[in-house]
1. Mean separation of Cα pairs under 8 Å and 6+ residues apart, divided by the residue count of region 85-185: what relative contact order is that in percent?
2. Considering only protein heavy atoms and a 1.4 Å probe, what is the carbon-and-sulfur percentage of the accessible area of region 61-213?
3. Please work out how much length the chain gains when fully extended from LEU83 to LYS105, using 0.36 nm per residue of separation minus the C-alpha to C-alpha distance, in nm with one decimal.
4. Quote to one decimal, in nm, the extra length available between LYS26 and ARG55 on full extension: 0.36 nm per residue of separation minus the C-alpha distance between them.
5. Which order do the peptides 158-167, 143-152 take when ranked by the mean count of other beta-carbon atoms within 10 Å per residue, highest first?
6. Report the gain in length on full extension from GLU97 to VAL187: 0.36 nm times residue separation, minus Cα-Cα distance, nm rounded to one decimal.
Amino acid sequence: MSQVLSKSPKHCAEKQSFTIDKSYKKLFFAFSSFFTIVLAFIFLIWLTLHPSKPRFSLTQADIYRFNLTRPSLLNSSIQLTLLSLNPNKRVGIYYDELQAYASYKGQQITVDTYIPPFYQGHEENNLLTAFLQGDALPVAPSFGYEVGRDQSAGRMVLSLKVIGKLRWKVGTWVSGRYRFNVNCVSVMAFGPNAASISPIIGSSRGTQCSTDV
């Protein structure tokens with residue numbers, strides 16, 4: 001007599017569930033492996049190219065107005081020209097959300113001025129210009145004393161700053177945004193007639209700037 005073996009519906013369901021789970025695991029491992037390879041490839045390119053941060057220098061800065069209308073209200077006008085350099089041979093740079101302003105004695109003396117975004121190719125340089133201005137900006141009560149002291153000394157130290165975000169471009173791949181800060185410290189001639197109406201009160205050229213990314 002022959003014996004017929006049959007499996008219960010429960011056994012069939014368990015076998016089918018095991019097969020589905022095994023298929024999902026294979027798909028998951030395949031996707032994970034592909035994703036890991038892609039990340040490793042991008043990381044390898046990044047290590048090989050290793051982009052250097054951009055360089056900035058102050059080409060020219062001219063002060064056209066710098067006077068106190070009241071003991072704690074300042075009016076200022078500054079024309080700023082910067083040279084931006086991308087030192088990388090294989091990496092381009094997108095500059096986004098650029099703003100420039102000036103500070104003196106740790107106080108911001110102009111409002112934030114917008115600079116249009118731009119792309120900088122390999123080993124390319126660009127001139128950036130901005131007109132910085134502040135009307136009746138509140139300053140510390142000691143500001144007038146500091147101005148008078150610098151006028152007597154015949155010079156002033158001004159900080160010209162640019163803040164924004166950049167993206168690296170390698171081939172068709174573009175990175176996420178990285179915040180960067182540029183600080184240019186400029187020593188300018190600053191005589192006793194600075195408060196009067198003058199075409200140029202102070203001027204500075206050829207100052208190297210620091211860049212943090």
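1. Dividing the mean separation by the residue count of region 85-185 yields 33 percent.
2. Its accessible area is 51 percent carbon and sulfur atoms.
3. Roughly 5.5 nm would be gained on extension.
4. Details: separation 29, 0.36 × 29 = 10.44 nm, distance 4.86 nm.
Residue separation times 0.36 nm, minus the Cα-Cα distance, leaves 5.6 nm.
5. Descending packing order for the listed peptides: 158-167, 143-152.
6. So the chain would gain 29.6 nm between GLU97 and VAL187.
The values are calculated or read from the model by the stated rules, or taken from the named source; none is laboratory data. Quantities reported herein were computed from a predicted structural model and do not represent experimental measurements. Every residue, glycine as well, gets a Cβ built from its backbone with ideal geometry; the counts of neighbours run over all protein chains shown. Keep in mind that these areas ignore ligands, DNA and RNA; they rest on the heavy atoms of the full protein, side chains included. Shrake-Rupley method; radii C 1.70, N 1.55, O 1.52, S 1.80 Å.
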